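Peer 1: Take a look at this one; I'll ask things after.
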Amino acid sequence: MITDIRLRAVCSLMVPVAREQAGLHDYDGVLQDLSPDGVRQGLAVLGGKPCSDPDDEARLGAAEETLRVRFGELELHRRDPSLHLANLDPSCYDRDYAPAEQRAAARRDHLRAWPDAVDAAIKALDGVSADHARDAADTTARLAVHAADPAARDALDRFAAHLARATAPLEPMGRVPLTRLLSVTEAVEVDLDRLADRADAERRTWRARLQDACRRIDASADAPATVAALLADHPAAGDLVAETAALVQEAREWAARHGLVPYDDGECLVGPTSPGQHWQVATMTCAAPHEPDGPSWFRVTPPDPSWPLDRRRQWLTHYHRAGLANIVLHEVAPGHFSHGRALRRAVGEVRRTLFSETFTEGWAHYTEQLALEEGFRAGDPRFEVAVARDALLRLTRLSCAVGLHTGAMTLEEAAHRFEADAFVPGHAARVAAARVLRDPLTVAYSWGRMAILDLRERAKAEWGSGFSLPRFHRALLTLGAPPIGLLDAALR
């Protein structure tokens, strides 16, 4: 239970995040009121007495301003169905954070609240583009697995019907609103042109690294052919979970042996995703800061046996062996799971409750590059290709997010960029572009990684002979997951 009134008001405007990432289970069975009136009332109570700790005040103030921009200025709840879909999703009750009976009761309350939440969503969603509606339709259909109750099913059908009526053309967010959104979210003034230019420069660097590693694998083949061959080397569907579990053990032992993260304790279980999450490639659900300690879950998704053979093979390329090792580093150690262990030790309610996605994803993406630097799978060019390709994928997301949301790029152009720059084939490239279209914060991975690398260089300069990676990572993760504009606190 959060005691700070200002922090409670913030949490009430981001209920799914507060419940599922921070572990505030007094929100179990509660759906956020995302109707226009509900949002206005939530925004009206933001603010209050300043925090005694300047760092807490900076973070809480940034969170309040972000909500004012997201819901007040940009009114994203009126055009972004994903906010409402996240509100409806009851998958959070699958994890063993409490006795099964308690979680089952919360799930029932959650589903009983669907009709009112859908009514609120229909009132709010009056500015949805046809593109956003089509993108949301698949997620809406996936939620049907939870809708055994007739009232819940009827509510979901009404939501789907409302989306199906959307005919508005897609309009870019615009340069000024995008700059405003990114700046307040991360408590830093953003220059979109400089950010895009840096992404282009890094793309050239990573492309050269990928091509060099490909030549070391097969000097007679070009890079696309070598990448295609690597993608074809993946576990069989029935072996995917077992191979992933073995990699989790390897990554955790390697990160602990090198002292790369402050904490290497805790249980990390590996299994398949739940039926309602079968569209996810990989998910990490950590034991959250406000929960009693318990197992975290890393989940992967074997292909549905009912799919055609070609689709099953295409899906398994997500888990090509070189890339699967990189996924594990990102999601488990020294990535999200290791970060989650540090978040549980963060001091104060604000640090244990408010998390920057750019820092969180930036840290996990940074650890992929860190693994390459520190010799994980040293001498194996296949792993270097995987790290480089994933870096290119995230940089392409950044470039396409800026292009799509400022109107400088079409969806077709973005899909082509994913094919040409990140070796993402055909349909998968269109899916990747649609994800960026749905969420401008897909810039988080590369932007966060670059911010951490910049801070690391400053730490080397300021600490001199006192610099070490363990010291830097401990100072960084002690902060929790701050907006990247507030990272300087790590140097103090």
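Peer 1: Provide a single number: the residues in segment 481-492 that are out of contact with any His (no Cβ under 9 Å at 6 or more places or on another chain) and not in a helix (DSSP H, G or I).
Peer 2: Taking segment 481-492 as the starting set, the residues that turn out to be out of contact with any His (no Cβ under 9 Å at 6 or more places or on another chain) are 482-492.
Filter once more, keeping what is not in a helix (DSSP H, G or I): 482-483, 492.
Residues flagged as out of contact with any His (no Cβ under 9 Å at 6 or more places or on another chain) and not in a helix (DSSP H, G or I) within segment 481-492 amount to 3.
Peer 1: Also, I was wondering about something else. Quickly run through segment 229-248 and pick out the residues that are without any contact (Cβ under 8 Å) to a residue 24 or more places away in the chain and charged (D, E, K, R).
Peer 2: Asp239
Peer 1: Among Thr140, Thr226, Thr185, Thr167, which is the only one that is under 26 Å from Trp279 (Cβ atoms), among the β-branched types (Val, Ile, Thr) and touching a residue at least 60 places away in the same chain (Cβ under 8 Å)?
Peer 2: Just one listed residue meets the conditions, Thr185.
Peer 1: Ok, one more. Would you call Val227 touching a Gly at 6+ places or on another chain (Cβ under 7 Å) and surrounded by 15 or more Cβ atoms within 10 Å (Cβ to Cβ)?
Peer 2: Here the answer is no, as Val227 does not meet what is asked.
Peer 1: Determine, yes or no, whether Asp264 is touching a residue at least 40 places away in the same chain (Cβ under 8 Å), out of contact with any Lys or Arg (no Cβ under 7 Å at 6 or more places or on another chain) and either assigned by TED's automatic domain parsing to the domain that holds Trp363 or more than 24 Å from Val385 (Cβ to Cβ) (or both).
Peer 2: Details: touching a residue at least 40 places away in the same chain (Cβ under 8 Å): yes; out of contact with any Lys or Arg (no Cβ under 7 Å at 6 or more places or on another chain): no; either assigned by TED's automatic domain parsing to the domain that holds Trp363 or more than 24 Å from Val385 (Cβ to Cβ) (or both): yes.
No.
Peer 1: Another one. Starting from segment 148-162, keep only residues that are touching a residue at least 60 places away in the same chain (Cβ under 8 Å), then list their pairs with residues that are outside any helix (DSSP H, G or I) and of a type in the set (A, V, I, L, M, F, W, C) whose Cβ atoms are within a distance under 8 Å, requiring at least 6 positions of separation or different chains.
Peer 2: Once the first residue is touching a residue at least 60 places away in the same chain (Cβ under 8 Å) and sits in segment 148-162, its partners that are outside any helix (DSSP H, G or I) and of a type in the set (A, V, I, L, M, F, W, C) give Leu156/Ala147.
Peer 1: Taking only segment 399-440 into account, find how many residues are within 14 Å of Gly174 (Cα to Cα), among the hydrophobic types (A, V, I, L, M, F, W, C) and either surrounded by fewer than 19 Cβ atoms within 10 Å (Cβ to Cβ) or touching a residue at least 12 places away in the same chain (Cβ under 8 Å) (or both).
Peer 2: Here the count works out to 6.
Peer 1: Please find, among Gly47, Gly23, the residue that is crowded, with 20+ Cβ neighbours inside 10 Å, in contact (Cβ under 8 Å) with a residue 12 or more places away in the chain, in the same structural domain as Gln102 (by TED's automatic domain parsing) and not aliphatic (A, V, I, L, M).
Peer 2: Gly23
Peer 1: Kindly evaluate Ser82 against the criterion of being of a type outside the set (D, E, K, R), closer than 26 Å to Glu357 by Cβ and touching a strand residue (DSSP E or B) at 6+ places or on another chain (Cβ under 7 Å). Reasoning before the result, please.
Peer 2: Details: of a type outside the set (D, E, K, R): yes; closer than 26 Å to Glu357 by Cβ: yes; touching a strand residue (DSSP E or B) at 6+ places or on another chain (Cβ under 7 Å): no.
The answer is no for Ser82.
Peer 1: Now for a separate question. Looking only at segment 295-319, count every residue that is closer than 20 Å to Arg382 by Cβ and in contact with a strand residue (DSSP E or B) (Cβ under 6 Å, 6 or more places away or on another chain) and tell me the total.
Peer 2: Qualifying residue count, segment 295-319: 1.
Peer 1: Looking only at segment 199-208, decide whether some residue is in a loop (DSSP other than H, G, I, E, B), among the charged types (D, E, K, R) and either assigned by TED's automatic domain parsing to the domain that holds Ile484 or farther than 30 Å from Val10 by Cα (or both).
Peer 2: no
Peer 1: Out of the residues in segment 1-43 that are of a type in the set (Asp, Glu) and either touching a His at 6+ places or on another chain (Cβ under 7 Å) or in a helix (DSSP H, G or I) (or both), which is farthest from Thr360 (Cα to Cα)?
Peer 2: Here the residue is Asp37.
Peer 1: Select, from Ser274, Ser296, Ser306, the only residue that is over 15 Å from the mean Cα position of the chain (by Cα), surrounded by fewer than 17 Cβ atoms within 10 Å (Cβ to Cβ) and among the small types (Gly, Ala, Ser). Let's see the steps before the verdict.
Peer 2: Numbers: Ser274 fails: surrounded by fewer than 17 Cβ atoms within 10 Å (Cβ to Cβ); Ser296 fails: surrounded by fewer than 17 Cβ atoms within 10 Å (Cβ to Cβ).
Only one candidate qualifies: Ser306.
Peer 1: Only one residue in Ala228, Ala201 is within 19 Å of Ala422 (Cα to Cα), out of contact with any Leu (no Cβ under 9 Å at 6 or more places or on another chain) and at pLDDT 95 or above, so which one is that? Walk me through it before giving the result.
Peer 2: Numbers: Ala228 fails: at pLDDT 95 or above.
Among Ala228, Ala201, only Ala201 is within 19 Å of Ala422 (Cα to Cα), out of contact with any Leu (no Cβ under 9 Å at 6 or more places or on another chain) and at pLDDT 95 or above.
Peer 1: Please work out if Val281 is over 18 Å from Phe359 (Cβ atoms), buried (at least 19 other Cβ atoms within 10 Å of the Cβ) and β-branched (Val, Ile, Thr).
Peer 2: Working: over 18 Å from Phe359 (Cβ atoms): yes; buried (at least 19 other Cβ atoms within 10 Å of the Cβ): no; β-branched (Val, Ile, Thr): yes.
So Val281 fails the test.
Peer 1: Moving on. Given the criterion over 24 Å from Met450 (Cα atoms), in a loop (DSSP other than H, G, I, E, B), under 27 Å from the mean Cα position of the chain (by Cα) and not basic (Lys, Arg), identify the matching residue among Asp233, Asp239. Walk me through it before giving the result.
Peer 2: Values: Asp239 fails: in a loop (DSSP other than H, G, I, E, B).
Of Asp233, Asp239, the one residue that is over 24 Å from Met450 (Cα atoms), in a loop (DSSP other than H, G, I, E, B), under 27 Å from the mean Cα position of the chain (by Cα) and not basic (Lys, Arg) is Asp233.
Peer 1: Among Arg70, Arg79, Arg40, which is without any contact (Cβ under 8 Å) to a residue 12 or more places away in the chain, at negative phi and basic (Lys, Arg)?
Peer 2: Arg40
The values are calculated or read from the model by the stated rules, or taken from the named source; none is laboratory data. Predicted, not measured: the structure shown is a model, and the values here were computed from it. A quick note on method: Cβ atoms are made from the backbone with ideal geometry, for glycine too, and the neighbour counts reach across all protein chains shown.
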